[in-house]
Every structure is written in structure tokens, then in C-alpha cells.
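Heads up, the thing below is written out as C-alpha cells.
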Amino acid sequence: MLKGKTALVTGSTSGIGLGIAKALAAQGANIVLNGFGDAEGPKGEIAALGVKVAYHGADMSKPAEIEAMMTFAAAQFGQVDILVNNAGIQHVARIENFPVERWDAVLAINLSSAFHATRLALPAMQAANGGKGWGRIINVASVHGLVGSAEKSAYVAAKHGIVGLTKVTALENATTGVTCNAICPGWVLTPLVQKQVDARAAAGAISNQLATQQLLGEKEPSMQFTTPEELGALAVFFCSPAGNNVRGVAWNMDGGWAAQ
Ligand code: NAD
């Protein structure tokens, strides 16, 4: 379905980003990966799906590096048709103890990076398809884009912000073939959440399994993690013709978290 298209997925060396990149590659899209850590493993996993893959290690907290990544992607594959703003970090502390440097980093990586990548991707998307436009911008927000949790001020502020950015991007392009939507996962067992499970197990001197049950039990009625594969399938839907008129939604995959 996406043969000939190019998808750039930020923060795709692990977790949800890698899951979404694989799902888009399975539909035939060429992929530009980004993120820290090992890139060779993820590159191999994507190449095995029979598409072209490139990697750029831009630090998403730095606008100049985001610009370099967008230029690199266009040079590799012509243009970016699908942009998935996924890179994100977490920091957990009460507001009065929240390190200012961590606040700035969470806002830069989880919110401002999406603004920069979006502003740089839009002109080519708007010009595509003989000027009628074609493009898909998918923002990986969170259920924390819809509800709050204590000790996550920067993350909740950034995720509410990206849900707002999603709506404005969708509205400004509503008469074109460029859509923008957000995905709002509940708990997904990735390195980002494993750190929170480990911290809970250490703080309570309890097993990892019990810490996991407590984490899910507090917020997620299904008592199940959402998987990167499920989130990848939702991203594929947004990219499909059935998604042509889905504009500005914030779509939960949260096991009932926000329904409470
Ligand atoms: P993860 O830690 O597995 O992946 C994060 C990715 O972002 C990695 O590839 C990492 O290298 C990259 N990254 C971090 N800082 C970066 C930077 N400065 N520049 C470039 N890349 C950077 O985490 P994940 O759980 O897969 O999270 C992905 C997205 O999903 C985040 O936006 C997160 O907020 C969101 N999310 C996660 C959950 C969850 O339960 N795991 C729930 C809701 C939303």
C-alpha cells in the first residue's frame, strides 16, 4: 500500500518508533530511522522487509540537527511523505523538585521537535500529487495528552501541547491531501516504561512482576500493555486511503485508561 513512499520516524531505534517503522516498512515504505543507541540492528530489521532504509542520528532537542536530518532524508529518497514524530523522554518528580534542565529537555524533545520536523516536512507534502498535496503526519502523544498524572508535569504539558499542535496542523491543511493525527498510548512495555517499573520495584523492595501489576492496576483497566505492533497498525490505518478524511484526532490505545 505504501510502496514508493518514504516515512521518517523519529526516535525509532527502539520501542514504539521501531514498531511503527516496521509496520510502515511492511506496507512497502522506505524508512529513515532516527534515535540514539544501536542503529545497525534496527536497520537490518527494516531492510529484511525488502525496503530501503537510512539512518540519521539527529538529536531531536537541537533544531539545526533536525534541519540537517530533513535535508538528509530528502536527499536520500526525494522527499518525506510520512512523518512520525515519536521521539520522547520522561522525567518523574514533583514540580517543586523538578530539575529545570529536565523540564527544558522534555519540552524540547517531546514537543518542540515535532514543530520543527513538521514545519520542515510540510512544503513538500503540500506540493505533492500535482499540487493537491499528499502527506501523513502522525504525532505519538500519549494518554497523558488527554489526562494528567502526578509527578509528570513536563511530560503531561508536552503531550497536551502535541495534541494541540496536531489539531492546528490538521486544520491548516484540511483542504489538502495532508492529514495530521495523534496516537495516545497507555502503558507500552518499552525501555522508557521499564525504567519506571524498575524504579517502583526498587523503591518498594518488590519483585518486577508485582511492580508491573501495580503499575498497570493503578491506571489501565485492561491490565495489559499496548504493543508497538498494535500502534504500528494504527499508524498504517492513518496512512491508508480510509484515513484520507481523519483529521486532527487524538486516538487512544490505552486499555480504557482515559475512559474512567
Ligand atoms: P523508548 O525509550 O523505547 O524510545 C524513545 C526513542 O527516542 C529512542 O529511539 C531514543 O533513542 C529516542 N530519543 C530519545 N531522546 C532523543 C533525542 N534527543 N533525539 C533523538 N532521539 C531521541 O520509548 P518509547 O516508549 O518507545 O517512546 C516513544 C514515544 O512514545 C515517546 O514519545 C513516548 O512519550 C511515547 N509514549 C510511550 C508510552 C509507553 O508506555 N512506553 C506511552 C505513551 C506514549
- Message: Between 154, 127, 121, which is open to solvent by 20 Å² or more (accessible area, probe 1.4 Å), of a type outside the set (D, E, K, R) and at negative phi?
- Response: 127
- Message: Which count do you get for residues in segment 157-205 that are open to solvent by 40 Å² or more (accessible area, probe 1.4 Å) and either within 11 Å of the ligand (Cβ to nearest atom) or not in a helix (DSSP H, G or I) (or both)?
- Response: 8
- Message: When you scan segment 98-105, do you find a residue that is open to solvent by less than 50 Å² (accessible area, probe 1.4 Å) and within 11 Å of the ligand (Cβ to nearest atom), even just one?
- Response: yes
- Task: Identify, from the list 242, 235, the residue that is under 20 Å from residue 88 (Cα atoms), modelled with pLDDT of 95 or more and in a helix (DSSP H, G or I).
- Result: 235
- Qualifying residue in segment 18-36 (condition: in contact (Cβ under 8 Å) with a residue 12 or more places away in the chain, open to solvent by 40 Å² or more (accessible area, probe 1.4 Å) and away from the ligand (no atom under 15 Å from the Cβ)): yes
- Note on the structure: Of the listed residues (73, 48), the one being more than 26 Å from residue 254 (Cα to Cα), open to solvent by 50 Å² or more (accessible area, probe 1.4 Å) and at pLDDT 95 or above is 48
- Take segment 216-231 and flag every residue that is touching a residue at least 24 places away in the same chain (Cβ under 8 Å) and more than 10 Å from the ligand (Cβ to nearest atom). 216, 219, 221, 222, 223, 224, 227, 229
- Item | Check on residue 109, crowded, with 24+ Cβ neighbours inside 10 Å and of a type in the set (Val, Ile, Thr) | no
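The values are calculated or read from the model by the stated rules, or taken from the named source; none is laboratory data. Worth saying up front: this structure is predicted, and the values here are computed from it rather than measured. Cβ atoms come from the backbone with ideal geometry, glycine included; neighbour counts cover every protein chain shown. The accessibility values were calculated without ligands, DNA or RNA, using every heavy atom of the protein model including side chains. Shrake-Rupley method; radii C 1.70, N 1.55, O 1.52, S 1.80 Å.
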